[in-house]
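**Q** Next up is a structure, given as structure tokens.
Derivation of every value follows stated rules applied to the coordinates shown; laboratory data play no part. The structure displayed is predicted, hence computed values, not measured ones. Here the Cβ positions follow ideal geometry from the backbone for every residue, glycine too, while neighbour counts run over all protein chains shown.
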Amino acid sequence: MAGSNGKANGKKKIGVLALQGDFREHVQILKKLGVEPVEVRKPEDLEGLAGIIVPGGESTTIGRMMASSGLLDAIRSFFYQGGAVWGTCAGMILAASATTGPPQPLLGLMNALVERNGFGRQVFSFERDLDVQGFEKPFTGVFIRAPFFEDVGPGVEVLSEIDGRVVAARGENILVTAFHPELTDDLRFHEYFLKEVCGI
Ligand code: GLN
């Protein structure tokens, strides 16, 4: 590739877990932002990544597929070795250390108790302008059967909440959002993840 456009070499790679859910939208946005997206389906795909996005979808399905493919342990090791992780919606559920609901496979990367479908099953989706720590202007959150963190432990910084329900938070190398920035034209959360969490 050397010489073809000069960019191919230094480009940073960001993974998107591509087992189920809306990973394609994240892939498109990462391309727009000039990083190289990698669809992650097996542990080897994590090699050389600066970070990984765990997308929205169905958290029990994604969790079971991660367990059977070896990715549950592989993403944990990736994270504990300093790799950055961003969980959106189902990905936020999977990032939590505990859930108020029935047991399901979790990555457990963040010291937090998650309430799945926290805004009520009947409220399938809604939009809300959110004040987000570090953002100058509100961010329109698209919530679809969204979770929230009911309680967070030490090391978790709350970035946004709705009436005391945590809908965005971060740790040193992890970000979670209960809503779907990939379904809007606002790239600020993707930029935030790349810059502030992945450090690229
Ligand atoms: N509530 C869903 C779950 O439990 C997540 C919904 C979403 O990712 N949009 O998996």
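**Q** When both residues are 6+ apart or on different chains and their Cβ atoms are under 8 Å apart, which pairs have a first residue that lies in segment 51-63 and is near the ligand (Cβ under 8 Å from one of its atoms), and a second that is of a type in the set (K, R)?
**A** Partner pairs satisfying both residue conditions: S59/R116.
**Q** A further question follows. Can you find, within segment 84-99, the residue that is farthest from the chain's Cα centre (by Cα) among those that are among the hydroxyl-bearing types (S, T, Y) and within 12 Å of the ligand (Cβ to nearest atom)?
**A** Keep residues of segment 84-99 that are among the hydroxyl-bearing types (S, T, Y), which gives 88, 97, 99.
This time we only want the ones that are within 12 Å of the ligand (Cβ to nearest atom), so: 88, 99.
Working: T88: 4, T99: 17 Å.
Once the filter is applied, the top-ranked residue is T99.
**Q** Just the residues that are assigned to a loop (DSSP other than H, G, I, E, B) and buried (at least 16 other Cβ atoms within 10 Å of the Cβ), please, taken from segment 129-146.
**A** Initially, segment 129-146 is screened for residues assigned to a loop (DSSP other than H, G, I, E, B), giving 131-138, 145-146.
Hits for segment 129-146 are V132, F135, R145, A146.
**Q** So which pairs qualify, if the first residue must be in segment 182-200 and assigned to a helix (DSSP H, G or I), the second must be polar (S, T, N, Q), the Cβ gap must be under 7 Å, and the two must be at least 6 apart or on different chains?
**A** Matching pairs, first to second residue: E182/T88; F189/T177; V197/N173.
**Q** Out of the residues in segment 109-128 that are surrounded by 15 or more Cβ atoms within 10 Å (Cβ to Cβ) and of a type in the set (G, A, S), which is nearest to the ligand (Cβ to nearest atom)?
**A** G118
**Q** Considering segment 147-181 alone, what residues qualify as being within 16 Å of the ligand (Cβ to nearest atom), closer than 14 Å to A96 by Cα and not in a strand (DSSP E or B)?
**A** P147, A178
**Q** Another question about this same structure. Over 14 Å from the mean Cα position of the chain (by Cα) and loosely packed, with under 13 Cβ neighbours inside 10 Å: does that describe Q81?
**A** Numbers: over 14 Å from the mean Cα position of the chain (by Cα): yes; loosely packed, with under 13 Cβ neighbours inside 10 Å: yes.
So Q81 fits the description; yes.
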